[in-house]
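Reviewing the structure listed below.
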Amino acid sequence: MNRKPHLVVIGNGMAGCRAVEEILARDPGKFRITIFGAEPRVNYNRIMLSPVLAGEKSFEDIIINDAAWYADNGITLVSGDPVVAIDRASRTVSAKSGATVGYDKLMLATGSDPFIIPVPGKDLPGVVTFRDLDDVDKMLAAAKSGGPNGEQGSAVVIGGGLLGLEAAHGLSLQGMKVTVIHLMPTLMERQLDEAAGWLLKHELESRGQVILTGADTAEIVGNGKVEGVRLKDGREIPASIVVMAVGIRPSTTLAKEAGLAVGRGIQVDDHMVTSDANVLAVGECVEHDGNVYGLVAPLWDMCRSLADGLVDTINPYRGSVTSTKLKVSGIDVFSAGDFSGGEGAEDIVLRDATRGIYKRVIVKQDRIVGAVLYGDTADGNWYFDLLKRQDDIADIRDALIFGQAFASGGGASANPIDAVAALSDDAEICGCNGVSKGTVMACIDGGAHTLDAVRSGCKASASCGSCTGLVENLLAFALGDEFAGERDSKPMCKCTSFTHEDVRAAILEKELKEIPAVMQALSWHTPDGCSSCRPALNYYLLCAWPGEHIEDPQSRFVNERMHANIQKDGTYSVVPRMWGGVTTPNELRAIADAADKYQARLVKVTGGQRLDLFGIKKEDLPSIWADLNAAGMVSGHAYGKALRTVKTCVGSEWCRFGTQDSTGLGIKTEQMTWGSWMPHKFKIAVSGCPRNCAEATIKDFGIICVDSGYQLLVGGNGGIHLRGTDLLCTVETEQQVLDYCAAFIQLYREEARYLDRTAPWIERVGLDYVKQRIVDDAQGRAVLTARFHHAQSFLQKDPWAARAAGEEKELHQHIAEIRPFAPNLVTVGAA
Amino acid sequence: MVTAEWLDIGPVDQLPVMGARTLPVQGGEEIAIFHTANGDVYALINKCPHRQGPLSQGIVHDTSVTCPLHNWSISLVTGEALGEDKGCVPVIPVKVEGGRIFISRKEALQGQR
């Protein structure tokens with residue numbers, strides 16, 4: 001018979017599930033596993049409850065293991081049914097519902113209970129702790145219902161430690177007036193010294209919280225529900241909710257009743273085995289070597305030792321040195337080790353009052369024993385690593401306080417990659433998920449070559465994301481140039497955590513056709529985006545769904561909304577299209593007449609071989625366009641992220657060196673491409689011979705005519721960063737030129753990021769990739785060409801003609817006018 | 001009415017959502033009337049504190065507008081430049097009643113010479 005031993009875990013929290021993960025990683029077939037959880041939900045990241053309360057994350061965001069994880073690993077989850085008794089003699093546990101389950105191994109991961117101060121009123125409805133999602137829901141409900149008379153609600157948080165301050169921050173963000181009552185004179189006195197505590201207090205006060213230190217609670221008052229808190233000095237603070245966050249105690253009742261050895265916590269050995277060899281315990285509920293821990297980091301080490309012990313590998317847990325970070329957005333606080341001073345302790349302190357920075361490193365016998373950082377915590381991990389390793393810092397002592405970059409000798413220009421390279425393998429990278437540098441490196445070695453792959457592989461930076469930069473630096477360190485491309489994949493803007501590529505993929509996959517749908521589907525952080533993401537989204541939609549997307553004029557830059565170029569005085573410039581740079585006396589007459597009629601203050605020949613009329617008022621735009629239309633001219637799109645001009649030389653028709661009809665080909669090319677919206681402006685030129693009078697070698701798409709056909713050039717740019725084109729290929733016929741041009745533009749339209757010119761795009765993806773798509777893959781080229789022409793069937797409509805005919809006329813009109821001395825002071829609807 | 005404290009400048013549906021329109025004041029400073037996504041109406045002098053760009057032509061997002069000339073973001077509520085930039089443009093009191101926009105006469109005429 002092959003019946004596997006049964007492992008029963010009491011506690012579906014961070015410690016219990018992490019221990020199970022560690023066991024599965026070592027031997028997935030060793031146990032049948034049942035997990036009991038008191039809360040009716042899957043395993044989530046308890047330390048991320050603060051961002052949930054603050055409204056920065058949802059419950060879904062902080063789930064560590066979803067239902068599929070339990071199913072995939074054959075784990076039975078009994079949630080919402082707490083275990084109430086353990087019978088060690090019969091090796092069974094009984095749950096509240098009456099169910100009894102036998103075990104071979106039992107693991108206690110019961111965590112800790114919030115400590116409730118024994119004052120009158122502590123049991124009133126409205127007194128909550130800050131331990132699980134139900135507590136968060138109660139706090140959110142209190143914030144929502146406000147005060148008794150419909151005014152802003154008031155909350156009191158008892159306890160100015162880590163948890164209390166995070167609760168206060170969240171409630172404050174939820175619109176409550178918050179008072180923090182702290183017994184000690186310094187906030188977070190277990191983690192912070194007086195100076196840092198003072199800075200923190202002032203910062204919180206400036207955010208509108210009331211902080212009462214040295215304040216002792218006498219009574220929670222209220223008739224049937226909480227109405228306020230009375231202090232021992234007689235002061236009374238009104239409140240509709242009171243959060244008790246004075247501390248936690250290991251939850252040991254079950255263990256005690258089962259007769260296990262219990263001190264302050266459940267006593268365990270170095271492999272987390274209790275006084276009963278078949279019973280293990282892990283996490284906040286245990287006492288190891290006289291210590292109990294209330295922070296998340298020690299838990300990771302405990303789980304590793306526990307799992308190793310179960311597979312007979314010796315890896316004793318030796319206790320943990322802990323560090324602390326406060327998860328209150330905009331306030332950076334870090335502390336680690338011992339900062340109480342004492343015999344032989346030397347302080348190194350840096351203060352920068354203007355920047356609100358305080359750093360203190362405590363050194364004993366050339367070794368760091370503690371660190372407190374406020375305002376700039378970038379070097380926290382480095383100090384903590386030196387502390388844990390007990391490195392001799394005598395050589396870098398002078399520069400120690402200025403941080404790793406400086407102390408390592410690089411000064412301000414020190415390379416962040418070198419900085420991560422110098423970290424030891426046990427250095428903690430991700431505090432939320434307890435991931436060390438060694439684990440991240442192993443994950444990268446195992447094939448995770450992108451940030452997303454690392455996040456899903458080992459969970460580093462997958463929770464609060466504050467270590468994303470470190471993880472990216474590790475990727476760059478491990479992969480070298482191979483990672484260079486990936487590092488450009490930053491989020492589109494501060495409104496989202498998705499990259500341009502993520503967003504474009506989602507638009508196609510989820511069939512999103514308007515901006516609000518994209519923002520909803522991808523959980524935009526801002527209500528209606530910003531001036532950076534909105535134009536990009538509008539472009540991505542029109543590119544993905546030609547003829548189907550919903551255009552948002554308010555997400556266009558002014559030039560594209562007004563179909564003219566805004567100038568520094570608020571007037572516009574107007575450029576009619578001149579196909580291939582060729583014009584006629586009639587067109588010139590019409591342009592001259594328009595310049596006179598609308599008082600253009602300057603007529604300028606542009607670099608793109610056409611004429612630009614400056615100083616046109618926005619009210620006059622529809623009429624000047626009507627006049628130019630009447631002479632057969634259309635918009636030149638000189639204002640758009642669009643096809644601008646096709647510049648030509650005269651070619652074989654006139655020039656003694658010309659090899660082909662460059663002017664004629666230029667006109668055909670412009671007639672095919674005009675009106676096309678692109679990620680950025682796009683310029684084309686056709687030169688009739690390699691003398692290249694049309695400067696085709698600095699255009700996005702250049703054509704140089706030669707005797708045998710046409711050289712096609714791509715990725716040139718005459719802007720700030722001069723870049724000559726790369727040769728794409730040589731073709732023989734005009735039709736081929738047009739087909740390759742259409743395919744290249746479509747590839748650029750579909751794959752470049754908004755506001756990328758072709759030059760940086762090609763540098764990023766590589767010329768070989770473009771050649772492969774456009775030259776080598778004939779079928780793919782035909783598909784791209786067809787998609788381009790499909791898009792053009794919707795885009796080749798002169799926007800000027802529509803405006804001249806009266807469309808969107810309010811864009812060109814004032815809403816009203818005020819004339820102080822006229823009989824009618826206000827003229828409404830004035831044109 | 002010349003003596004009214006609030007001047008009626010037209011129906012609110014004449015303003016594009018997440019957009020703006022202009023209100024010239026003869027002999028004075030042109031005013032930009034903004035309409036946010038949630039329907040609120042704000043008014044600022046139509047001049048960016050940076051290089052006097054026409055704010056009415058900028059992209060409106062949340063309660064701010066980004067100037068079309070150099071991308072300064074200006075709060076529609078306070079007229080202050082947001083982020084690293086420093087500067088302020090006068091705010092003109094404005095209200096919506098019965099679907100019509102009213103602008104404060106005193107401030108609207110203040111810039112008038």
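The values are calculated or read from the model by the stated rules, or taken from the named source; none is laboratory data. Keep in mind it's a predicted model, so treat the numbers as computed, not measured. All Cβ positions, even for glycine, are placed from backbone atoms using ideal geometry, and neighbour counts span all protein chains on display.
Residues in the stretch B:54-98 that are within 13 Å of chain A (Cβ to nearest Cβ) and in contact with a Pro (Cβ under 6 Å, 6 or more places away or on another chain) were compared, and the one that is surrounded by the fewest Cβ atoms within 10 Å (Cβ to Cβ) is B:D62. Where strands (runs of 3 or more DSSP E) fall entirely within the stretch B:6-95, those with at least 3 residues that are touching a residue at least 12 places away in the same chain (Cβ under 8 Å) and in contact with a Lys or Arg (Cβ under 8 Å, 6 or more places away or on another chain) are at B:6-11.
Which of (1) more than 14 Å from chain B (Cβ to nearest Cβ); (2) touching a helix residue (DSSP H, G or I) at 6+ places or on another chain (Cβ under 7 Å); (3) over 27 Å from A:F794 (Cβ atoms) is the odd one out, the single condition A:S523 does not satisfy? Only one criterion in (1) more than 14 Å from chain B (Cβ to nearest Cβ); (2) touching a helix residue (DSSP H, G or I) at 6+ places or on another chain (Cβ under 7 Å); (3) over 27 Å from A:F794 (Cβ atoms) is unmet by A:S523, namely (2).
Among the residues of the stretch A:528-551, which ones are in contact with a helix residue (DSSP H, G or I) (Cβ under 7 Å, 6 or more places away or on another chain) and facing chain B (nearest Cβ under 8 Å)? Residues satisfying the conditions are A:G529, A:R534, A:P535. Among what's in the stretch B:1-27 and is of a type in the set (V, I, T) and more than 8 Å from every other protein chain (Cβ to nearest Cβ), pick the residue that is surrounded by the fewest Cβ atoms within 10 Å (Cβ to Cβ). Among those residues, the one meeting the criterion is B:T3. Just a yes or no: is a residue in the stretch A:530-541 crowded, with 20+ Cβ neighbours inside 10 Å, more than 30 Å from A:F614 (Cα to Cα) and over 19 Å from the mean Cα position of the chain (by Cα)? Among the residues of the stretch A:530-541, at least one is crowded, with 20+ Cβ neighbours inside 10 Å, more than 30 Å from A:F614 (Cα to Cα) and over 19 Å from the mean Cα position of the chain (by Cα), which makes the answer yes.
Answer yes or no: is there a residue in the stretch A:377-392 that is over 26 Å from A:A478 (Cβ atoms), surrounded by 15 or more Cβ atoms within 10 Å (Cβ to Cβ), of a type outside the set (S, T, N, Q) and at pLDDT 80 or above. No: zero hits. For the stretch A:710-729, the set of residues classified as in a strand (DSSP E or B), free of Cβ contacts under 8 Å to residues at least 24 places away in the same chain and hydrophobic (A, V, I, L, M, F, W, C) consists of A:L713, A:L727, listed by residue number.
The number of residues in the stretch A:552-564 that are more than 8 Å from chain B (Cβ to nearest Cβ) and hydrophobic (A, V, I, L, M, F, W, C) comes to 1.
Residues that are within 30 Å of A:L665 (Cα to Cα), at least 2 per element: which helices (runs of 4 or more DSSP H) completely within the stretch A:499-604 meet that?
A:533-544, A:558-562, A:585-597
Looking at A:E808, A:E817, just one residue is in contact (Cβ under 8 Å) with a residue 60 or more places away in the chain, surrounded by 14 or more Cβ atoms within 10 Å (Cβ to Cβ) and within 14 Å of chain B (Cβ to nearest Cβ), and that residue is A:E808.
In the stretch A:820-831, the qualifying residues are those that are free of Cβ contacts under 8 Å to residues at least 24 places away in the same chain and closer than 29 Å to A:S635 by Cβ, and the one that is surrounded by the fewest Cβ atoms within 10 Å (Cβ to Cβ) is A:G829.
Scan the strands (runs of 3 or more DSSP E) fully inside the stretch A:260-336 and keep the ones with 1 or more residues being closer than 24 Å to A:V93 by Cα.
Because the criterion is at least 1 residues that are closer than 24 Å to A:V93 by Cα, the strands (runs of 3 or more DSSP E) in the stretch A:260-336 that meet it are A:266-268, A:279-281, A:286-288.
Scanning the stretch B:28-53 for residues that are facing another protein chain (nearest Cβ under 9 Å), within 11 Å of the chain's Cα centre (by Cα) and of a type in the set (A, V, I, L, M) gives B:I31, B:I33.
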